[in-house]
Amino acid sequence: MPKSIVLYVKYVDFVSEKFGRLAMYLVFLMIGVLLLDAVTRNVIRFPLSWCVEMAQFTMTAYYILGGAYSMQLGDHVRMDLIYDRCSEKNKARLDVATSGCLLFYLVCLLIGSISSTIYAIETGQRKFSMWNPSMIPIKCIMVFGIVLMLAQAISMLFKDIAKARGEAITHQGETPTV
């Protein structure tokens, strides 16, 4: 594979891993917020109106930012009625064949998320609730996460093309995997 593709794969994998690992820690933030809500509501009898929504926003950021890393690790959901019985080369060929659908979906999702984020910025969109938080931060996170997922999908496509051709894309110091 050309050096530019190898560098692309290397950097996208690096960024996906870092943001994926960062996203893993958001679970602890969510647990902390929900624990705070439980304690203030049940022990102190002073419910906080923002806790449940903050936990929802945190969970959204968790799965949006963790999607690319999950894809990189191969931990995503897959229909494997035929897939598991294939050789590594044929698995790569199937992945290349289905990548077009994934890329189309992610591009449509990105267009929609950009449109939604622009709307939120232009109108100062807020969630209609007692807490009334701005929707702009979570929508920006959504756009970033979808861009990251799209970049990772392209990285995976490059890796699958290399595998289907019997090659491997490796980073410096790693052993090739085919």
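Summary table
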| read-out | value |
| --- | --- |
| Residue list for segment 1-20, restricted to those being among the acidic types (D, E) and surrounded by fewer than 16 Cβ atoms within 10 Å (Cβ to Cβ) | E17 |
| Residues (surrounded by 14 or more Cβ atoms within 10 Å (Cβ to Cβ) and either of a type in the set (K, R) or without any contact (Cβ under 8 Å) to a residue 60 or more places away in the chain (or both)) located in segment 70-85 | S70 |
| Residue in segment 110-126 that is surrounded by 14 or more Cβ atoms within 10 Å (Cβ to Cβ) and under 24 Å from M24 (Cα atoms) present | yes |
| Residue, farthest from the chain's Cα centre (by Cα), within segment 76-124, restricted to residues that are within 17 Å of M156 (Cβ to Cβ), in a helix (DSSP H, G or I) and of a type in the set (D, E) | E88 |
| Pairs with Cβ under 6 Å, 6+ apart, first in segment 111-123 and within 9 Å of M135 (Cβ to Cβ) and without any contact (Cβ under 8 Å) to a residue 60 or more places away in the chain, second among the aliphatic types (A, V, I, L, M) and not in a helix (DSSP H, G or I) | A120/M135 |
| I44 vs. criteria outside any helix (DSSP H, G or I) and not aromatic (F, W, Y) | yes |
| Check on M149, under 15 Å from I64 (Cβ atoms), surrounded by 13 or more Cβ atoms within 10 Å (Cβ to Cβ) and of a type outside the set (V, I, T) | yes |
| Whichever residue in segment 3-48 is touching a residue at least 24 places away in the same chain (Cβ under 8 Å) and hydroxyl-bearing (S, T, Y) and, among such residues, is nearest to M149 (Cα to Cα) | S16 |
| Residue among F57, F14 that alone is modelled with pLDDT of 95 or more and in contact with a Pro (Cβ under 8 Å, 6 or more places away or on another chain) | F57 |
| Answer residue from segment 65-90, given it is of a type in the set (A, V, I, L, M, F, W, C) and in contact with a Phe, Trp or Tyr (Cβ under 8 Å, 6 or more places away or on another chain) and is nearest to K127 (Cα to Cα) among those | L65 |
| Residue match in segment 141-162 (condition: within 28 Å of R21 (Cβ to Cβ) and free of Cβ contacts under 8 Å to residues at least 12 places away in the same chain) | no |
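Conditions (1) modelled with pLDDT of 95 or more; (2) not hydroxyl-bearing (S, T, Y), marked per residue:
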residue	(1), (2)
I111	yes, yes
Y119	yes, no
L148	yes, yes
G166	no, yes
H171	no, yes
T175	no, no
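The values are calculated or read from the model by the stated rules, or taken from the named source; none is laboratory data. For clarity, every value in this text was computed on a predicted model and none was experimentally measured. A quick note on method: Cβ atoms are made from the backbone with ideal geometry, for glycine too, and the neighbour counts reach across all protein chains shown.
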